[in-house]
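Asker: Quick one: the structure is below, questions incoming.
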Amino acid sequence: MKAIILMFDSLNRHMLSPYAADTFVDAPNFARLAAKTATFDNFYAGSMPCMPARREMHTGRHNFLHRSWGPLEPFDDSMPEMLGKAGVHTHLVSDHPHYWEDGGATYHPRYSTWEFFRGQEGDPWKGVVNPSGGSQDWRAGMKRQDLINRSYMPTEADHSQTKTVDAGLHFIDTNHEADKWMLQIELFDPHEPFFTHSKYKALYEHDYDGPEFDWPGYQKVTEPKDQVEHARYEYAALVSMCDKSLGRVLDAMDQYNLWEDTLLLVNTDHGFLLGEHGWWAKSVQPWFNELVHLPMFLWDPRTGGKDTRRGALAQTIDIAPTMLRFFGVEPTKDMQGQDLAAVLQDDSEVREAALFGIHGGHVNVTDGRYVYMRAAVDPSNAPLEDYTLMPTHMRSRFSTAELAQWAPAEAFSFTKGLRTMQLQTTSMMNSWVHGTLLFDLETDPGQTNPILDDELELRLLKTLANLMHANDAPESQFQRLGIPFDAEPTAQRLLAAQQADRARLALEPLPPMDSFADGGAALTLPLLELLQDGRGREAVEKHLPGLISTELVNIPAQLSLYQLAAVIPVSSSALGSIAEELAAVPTA
């Protein structure tokens, strides 16, 4: 028995023909894949984003209620490590740069062997000294490094995605006659930046003379319509390149007739917003379906079932138990996922509801029709805690100031009797800002009109609380969300109606600058400068009461009111009123 996982990053299901017949994206191999496998129609993410999702693939359980982005913990079960101990050779090939960072460095050693290819995103790969000195803006520094990295990939053959697939195919060529191996080909694409060569850009010729734009920020859309469309075409070009890589793997499956004894799983960690809901990217906004309702394809020789569709509710946590059982290894008691063989066999339900979210953000639940996004009850988004024995962030260790206040936590059910470090923390993903949301996917698949239904909300709130308890969530998470820890939630704990006005503002797209009075020039002034001006402070306090005292803590000196509106809920009418008042005052 053999298995191949082909994993993409930030792949949108609604741009692939098996899920969207009217898609403009040229990706024929995904249609070819669907004809060879079972297509999952209700596959959801769990813990997000990148490394939390990979931790789920290893451990088969959610982690976002206990931990922010971080490495595998000493008490974590690791699916590839368990397979290795059972005599299955596991091999990882990837160009995913987060494996090289502090917050991801414990994942790849769990495989028997591994290969990496450098240069994606702002990977600190090739060293070219900046004559003007380093930038204080980490994003600007990453963009500069990315341009350096691209210069070392002048052709498609040099692209790290191509090299990664080359290495995966080399493993298949070398080992196709052997037994008991699992290959994971993990591609960073189509994650931003959307770097491709001319061959793929030519598939999406369009008129555009604006700035280079293949790396949107994590914020509301503020760019003109043609720039937004350009970014979508750049993303589509990268999806087409991913499609070619998929085709190469399918060719190998055909060449060696691996369909007889080889499981093939094609998945992603999450999606990416390309202007939907007025947002770019992920993480800083609610986890809409474009981000969490994922493409997933599975061929399992145990069950067969090519060119079929499966509607049972499944999640990323199901991957580890499925892979283990395929090789005859029993999942551990701490794994919450289910073997998807039952879904493949007869579309059996393996869960009634799915839990998903990000540390410090909304805690969400869906039953496949309704989605309930529970926000914090307080603007502080507190209490919020990290539980870890591996104190690293994405790209750094925990600071001495953070570590100075840690306390030993009681052991959780899944920590193998170990007491972890308990640290008070904060998060840039403050769900209170966006409010509690409830959607009916049957009548509103685009999630544009949240509903108010106390009876439905209470039912989903009880389901959410039960799933949190099943995950052994800390009491602090219940406190943060205003949910009783030792009792069943009642109607007094509902939040959707209470937070409806703020939720409505958060869902409003941000109008373009030129739609405001005087071209919105005043709104681009540094906010601190605007507040120091009497006219500016008066206008801001009049139309955005409470904003200054509740939101503006340690704001960057150059942040403008328009930029602030890109990340917190400020209504377009309020911005318009401020712009009109400032434009109407004669200048000296």
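Rule-based calculations on the coordinates, nothing more; no lab input. Since the model is a prediction, treat every value here as computed from it, not as a measurement. Cβ sites come from the backbone with ideal geometry, for glycine too, and all protein chains shown count toward neighbours.
Asker: Would you order Ser112, Ser78, Ser348 from fewest to most other beta-carbon atoms within 10 Å of each residue's own beta-carbon?
Answerer: Fewest-to-most Cβ neighbours within 10 Å comes out as Ser348, Ser112, Ser78.
Asker: Right, another one. In straight Cα distance, which lysines are under 26 Å from Lys143, not counting same-chain residues fewer than 8 positions off?
Answerer: Reachable lysines: Lys126, Lys163, Lys199, Lys201, Lys220, Lys225, Lys282.
Asker: Cα axis of helix 454-470 to longest principal axis of the chain: angle in degrees, 0 to 90, nearest 10?
Answerer: With both axes taken from Cα atoms, the answer is about 50 degrees.
Asker: Which distance in nm do the two modelled labels at Ala584 and Asp533 give, with both placed 7 Å along the Cα-to-Cβ direction?
Answerer: 1.6 nm
Asker: With each run of n ≥ 4 DSSP H residues scored as -39500 (n - 2.57), what mean residue ellipticity at 222 nm is computed for the chain after dividing by its residue count and rounding to the nearest 500 deg cm²/dmol?
Answerer: On the way: 19 runs with 184 residues, N = 588.
Helix contribution divided over all residues of the chain: -9000 deg cm²/dmol.
Asker: Among the lysines, which have Cα under 20 Å from the Cα of Lys333 when same-chain residues fewer than 8 positions away are ignored?
Answerer: Lys85, Lys416
Asker: Which one is right for this structure if mean projected area of the Cα convex hull in nm² is calculated from it: (1) 27.6; (2) 28.9; (3) 24.2?
Answerer: (1)
Asker: How much length, in nm to one decimal, is gained on full extension between Arg139 and Glu402, taken as 0.36 nm per residue of separation minus their Cα-Cα distance?
Answerer: Contour length minus the Cα-Cα distance gives 92.3 nm.
Asker: Where q = 0.07, 0.09, 0.14 Å⁻¹, what log10 of I(q)/I(0) comes from the Debye formula for region 2-341, counting one point per Cα?
Answerer: -0.27, -0.46, -1.17
Asker: Would you mind counting up the charge near Glu410? Only other residues with Cβ under 11 Å from its Cβ, with Lys and Arg at +1 and Asp and Glu at -1.
Answerer: After counting each charged neighbour, the total is -1.
Asker: For Asp444 and His206, compute 0.36 nm times the residue count separating them, minus their Cα-Cα distance, and round to one decimal in nm.
Answerer: My answer for the length gained is 82.6 nm.
Asker: If you consider only alpha-carbon coordinates, what radius of gyration and Dmax does region 222-268 have, in Å?
Answerer: Values for region 222-268 (Cα only, Rg and Dmax): 16.6, 51 Å.
Asker: What is the list of residues in region 385-409 whose amide nitrogen lies under 13 Å from a point 7 angstrom out from the Cα of Trp100, following Cα to Cβ?
Answerer: The answer is none, because no backbone nitrogen lies closer than 13 Å to the label point.
Asker: Shape verdict for region 372-516, please, from the Cα gyration tensor: rounded (a/c under 1.5), prolate (a/b greater than b/c) or oblate.
Answerer: Values: a/c = 2.51, a/b = 1.42, b/c = 1.77.
Judged from the Cα gyration tensor, region 372-516 comes out oblate (a/c at least 1.5, b/c at or above a/b).
Asker: Could you tell me which of rounded, prolate or oblate describes region 241-345, using a ≥ b ≥ c as the square roots of the eigenvalues of the alpha-carbon gyration tensor, with rounded for a/c under 1.5 and, failing that, prolate when a/b is larger than b/c and oblate otherwise? Display every interim value, and only then the final one.
Answerer: On the way: a/c = 2.35, a/b = 1.36, b/c = 1.72.
Note, shape of region 241-345 comes out oblate.
Asker: Relative to the longest principal axis of the C-alpha atoms of the chain, give the angle of the C-alpha long axis of helix 572-584, reported between 0 and 90° and rounded to the nearest 10°.
Answerer: So the helix axis and the longest Cα principal axis differ by about 40 degrees.
Asker: Order by neighbour count: Lys180, Lys542, fewest other Cβ atoms within 10 Å first, most last.
Answerer: Least to most surrounded, the residues fall as Lys542, Lys180.
Asker: Can you compute the label reach from Arg419? Point 7 Å from Cα along the Cβ direction, backbone N cut-off under 19 Å, restricted to region 372-398.
Answerer: 385-391
Asker: How high is the FRET efficiency from Thr490 to Arg369, r the C-beta distance, R0 30 Å, rounded to 0.05? Could the numbers behind the result be given before it?
Answerer: Working: r = 24 Å, r/R0 = 0.79.
Computed FRET efficiency for Thr490 and Arg369 comes out at 0.80.
Asker: Given a Förster distance of 25 angstrom, what is the FRET efficiency for Glu508 paired with Ala20, based on the Cβ-Cβ distance and rounded to 0.05?
Answerer: Step by step, r from the Cβ atoms, then E = 0.45.
Asker: Let me ask something additional. Where does each of 531-538, 285-292, 271-278, 423-430 land if you order them by average Cβ count within 10 Å, highest first?
Answerer: Top to bottom by mean Cβ count within 10 Å: 285-292, 271-278, 423-430, 531-538.
Asker: Compute the length gained on full extension between Arg248 and Asp346: take 0.36 nm times their separation in residues and subtract their Cα-Cα distance, giving the result in nm to one decimal.
Answerer: 32.3 nm
Asker: Taking Cα atoms of region 431-588, Rg/Rh with Kirkwood Rh, to two decimals?
Answerer: 1.09
Asker: So, counting K/R as plus one and D/E as minus one, what does the shell of residues with Cβ under 13 Å around Leu494 add up to?
Answerer: 0
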